[in-house]
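Report on the structure given below.
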Amino acid sequence: MKKTNSTQTCDLLNKNSVVKLRVLKRDGREVAFQEEKIYAALLKAEQQLQPNSLVDSTETTEDLHNAMKQIKSNLSNWGKDAISADHIRAIVMQVLTAQKNTELAEVYQRFRLQTDKKQLEETDINYTIHTLLKKDPSLVNENANKDSDIFNTQRDLTAGIVGKSIGLTLLPKSVRNAHQKGDIHYHDLDYHPYSPMTNCCLIDFKQMLAKGFKIGNAEVESPKSIQTATAQMAQIIANVASSQYGGCSADRIDETLAHYAELNFKKHLTTAAEWITEEEKRHDYALKNTKKDIYDAMQSLEYEINTLFSSQGQTPFTTLGFGLGTDWYAQEIQRAILSVRINGLGKEKRTAIFPKLIYTLKRGVNLEKTDPNYDIKQLAVVCTTKRMYPDVLMYEKIVELTGSFKTPMGCRSFLQGWKDEDGKEVNSGRMNLGVVTLNLPRIALESKDNPEKFWSILDERLLICKDALVYRIKRIKEAVPSNAPILYQYGAFGKRLEKDESVDEVFKNKRATISLGYIGLYETATVFFGSTWEQNPAAKDFTLAILNHLKKQADDWSNKYGYHFSVYSTPSESLTDRFCRLDTKKFGVVPHITEKGYYTNSFHYDVRKNITPFDKIEFEKDYPKYASGGFIHYCEYPNMEQNPKALEAVWDFAYDKIGYLGTNTPIDHCYQCDFTGDFDPTEVGFKCPQCGNHDPKTCDVVKRTCGYLGNPQARPMVKGRHQEIASRVKHMK
């Protein structure tokens, strides 16, 4: 077949375009006609027929050139302002048949039918259950912290498959279509909208512990000691995690528990008064025993969280925020949290996966040597070099970015500053209602290097995202307090509702957030500016303009609907793969974009480039002000155990620049040869590079995936899964 060159192809797509025609989509939307979609579908069909005849997507054959001209001519003569997608397909088939291009017509039609079949399969419960029974890796290994060999996890996966199939049928047609195609991602379909569940939250532990609560048949009174307080916290966490699908966090836990530690001190002081005559010795006795009580309580909390299983078949994704308390009790709680983590779990002293620890830095409290808690900061640095946690929050920057200080909900989702009707700032007891993420690289690839087209497609996709988020809110409001008593009736969400009250009482007036996510900012700019665009000011301005545009849209929706729509730099453990996989099918292997097999998470710097932590922080610091609904920065280090001062130098450098910083450092440990560092991924597991050991019983492998730590070595995996986890770890950063 005769080829046309790339200039002819561009002419084909740009001259005599049917610019005024509107397309009536099957899902009910009306969008501008895009001839490129027909061209791309036909080119894909022709490439399958003649795989060696087309060098790349800028070349086409004379047959395809003629077919496109005739299709455009027919559409120009349509005689109406709008046309259905089915009519367009019929015209394409008509033209191909008339030109006796029957083979191309057959492949084109087959592609269309395959797409329809795939979408139908995703809503077919029998089909999806069958894929689970076959242990499809995309299902059983979607979450690095879920062991699919355990009965309750299998039960949750089965329920999730059913929930996802039904949930897809409940979604508005345009949202379902966009999700299935990969234009957007409607997160957590295995739970929502089948159930009107919420996402993540800051549990109001202070109020629940003070007033008491109820779980099951037990009325729980306010604790009289720190040991009882932490035991109650573990029970609350387990119940909350089973009543929602996202992470749960404790904000300023050192300050919350300080009161209960003081009760221990007073009890010991009373005991000491019975047999110690000297006041100073009585005081020392009470302090010593209270310090032990605090350590034991925090150690018990760590063990309890790591041995809990929620109804989702996994350890609750729990985060503890601390670091600001300056009285003796709060300081000892901080020291205990860090010391417990450093000492490790069990006789082999393994790294605890949960809870995620987040330590807050604040000038005047712990940042500098003259600050009262500076010694605790040193302990936090040592803990991070050994256990990768804690991550750190910068107090003033978090207030600047989000409007108030608080720990993130889960790994990186931030509430925005909010005051109640009495003007009191409220953070704990608030929540997020879910996430819908936008596939930015796809928009860039569809725009064909045309910036105007990029912004036009972006606005179309944002309308779908808005509809999806509004639907999430609508569905969640259909819950009743008795669906999740721990959340709505017993204080986890702050207010205690009666059975007949609307759950919207804890959501409305921007009390709750709902998140517009995005992914692949690096790849998006690469389409327009090349793969080394980070040093190009115009390219960076383009990426900032994208996030600014998302924020303006989200702010408009917030004012219109009364819920806080926030832009969220999405944690995407499997989504980085899913979007790229779908776009590879659609656009082929595109250098520096789909060829990598993943999309870069969030606004992060391209992980393939070597860059210092200081340069990375400097580059990324400009993005979170447009994405204050969710963000984190990661920096890469070698093993830092012998050089904690270097890590502290990065923390100090970052303090006035960014709000939230995580550390990625190799902490895998082999108990056979005592190696500590980074294990090598192999088909049979992660392997010690020093002695070759890969037995989970005698080695501890800990990787950060998506904001949390995971232990991929601790459970069986399909062949090659360990390399996949290693790849995910790399491109999450």
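Looking across the stretch 444-481, the residues that are charged (D, E, K, R) and assigned to a helix (DSSP H, G or I) come down to Glu446, Glu452, Lys453, Asp459, Glu460, Arg461, Lys466, Asp467, Arg472, Lys474, Arg475.
When you check Lys224 against the structure, is it farther than 19 Å from Met431 by Cα and assigned to a loop (DSSP other than H, G, I, E, B), yes or no? In short, yes. Residues that are polar (S, T, N, Q), in contact with a helix residue (DSSP H, G or I) (Cβ under 7 Å, 6 or more places away or on another chain) and within 20 Å of Asp615 (Cα to Cα): does the stretch 659-666 have at least one? Looking for residues that are polar (S, T, N, Q), in contact with a helix residue (DSSP H, G or I) (Cβ under 7 Å, 6 or more places away or on another chain) and within 20 Å of Asp615 (Cα to Cα), one finds at least one in the stretch 659-666, hence yes.
Yes or no, residue by residue, for (1) surrounded by 15 or more Cβ atoms within 10 Å (Cβ to Cβ); (2) modelled with pLDDT under 80:
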site	(1), (2)
Gly28	no, yes
Ala32	no, no
Leu42	yes, no
Glu46	yes, yes
Pro51	no, yes
Thr60	yes, yes
Met68	yes, no
Ile71	yes, no
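Of the residues making up the stretch 628-661, those that are surrounded by 16 or more Cβ atoms within 10 Å (Cβ to Cβ) and at pLDDT below 95 are Tyr634, Cys635, Glu636, Tyr637, Met640. Scanning the stretch 595-620 for residues that are touching a residue at least 24 places away in the same chain (Cβ under 8 Å) and either among the β-branched types (Val, Ile, Thr) or more than 29 Å from Glu446 (Cα to Cα) (or both) turns up Thr600, Val607, Pro613, Phe614, Ile617, Glu618.
Please find, among Asn343, Asn289, the residue that is out of contact with any helix residue (DSSP H, G or I) (no Cβ under 7 Å at 6 or more places or on another chain) and more than 23 Å from Ser428 (Cα to Cα). Going through Asn343, Asn289 in turn, the sole match is Asn343. Within the stretch 287-326, restricting attention to residues that are among the small types (Gly, Ala, Ser), more than 21 Å from Lys347 (Cα to Cα) and buried (at least 17 other Cβ atoms within 10 Å of the Cβ), the residue that is farthest from the chain's Cα centre (by Cα) is Gly325.
So that you can scan it fast, the table gives a plain yes or no per residue for (1) at pLDDT below 95; (2) charged (D, E, K, R):
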| site | (1), (2) |
| --- | --- |
| Ala210 | no, no |
| Ser225 | no, no |
| Val240 | no, no |
| Ala250 | no, no |
| Ile253 | no, no |
| Glu262 | no, yes |
| Leu269 | no, no |
| Glu274 | yes, yes |
| Glu279 | yes, yes |
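Give the residue that is surrounded by the fewest Cβ atoms within 10 Å (Cβ to Cβ), with candidates limited to residues of the stretch 678-706 that are at positive phi and either out of contact with any Phe, Trp or Tyr (no Cβ under 9 Å at 6 or more places or on another chain) or at pLDDT 90 or above (or both). Top of the filtered list is Gly692. In the stretch 563-584, of all residues being among the hydrophobic types (A, V, I, L, M, F, W, C) and not in a strand (DSSP E or B), the one that is modelled with the lowest pLDDT corresponds to Leu575. A single member of Ala231, Ala261 is surrounded by fewer than 18 Cβ atoms within 10 Å (Cβ to Cβ) and outside any strand (DSSP E or B), and it is Ala231. Residue count for the stretch 327-349 satisfying the condition of being crowded, with 17+ Cβ neighbours inside 10 Å and over 17 Å from Lys386 (Cβ atoms): 5. Are any residues in the stretch 206-219 surrounded by fewer than 17 Cβ atoms within 10 Å (Cβ to Cβ), touching a Gly at 6+ places or on another chain (Cβ under 8 Å) and in a strand (DSSP E or B), and if so, which ones? Glu219, the sole residue that qualifies. Being touching a residue at least 40 places away in the same chain (Cβ under 8 Å), in a helix (DSSP H, G or I) and of a type in the set (Val, Ile, Thr) is a condition met by at least one residue of the stretch 296-319.
In the stretch 320-341, the residue that is nearest to Leu202 (Cα to Cα) out of those that are among the hydroxyl-bearing types (Ser, Thr, Tyr) and assigned to a helix (DSSP H, G or I) is Tyr329.
The values are calculated or read from the model by the stated rules, or taken from the named source; none is laboratory data. Only a predicted model underlies this, so the values are computations on that prediction, with no experimental measurement involved. As a convention, Cβ positions derive from the backbone with ideal geometry for all residues, glycine included, and neighbour counts pool all protein chains shown.
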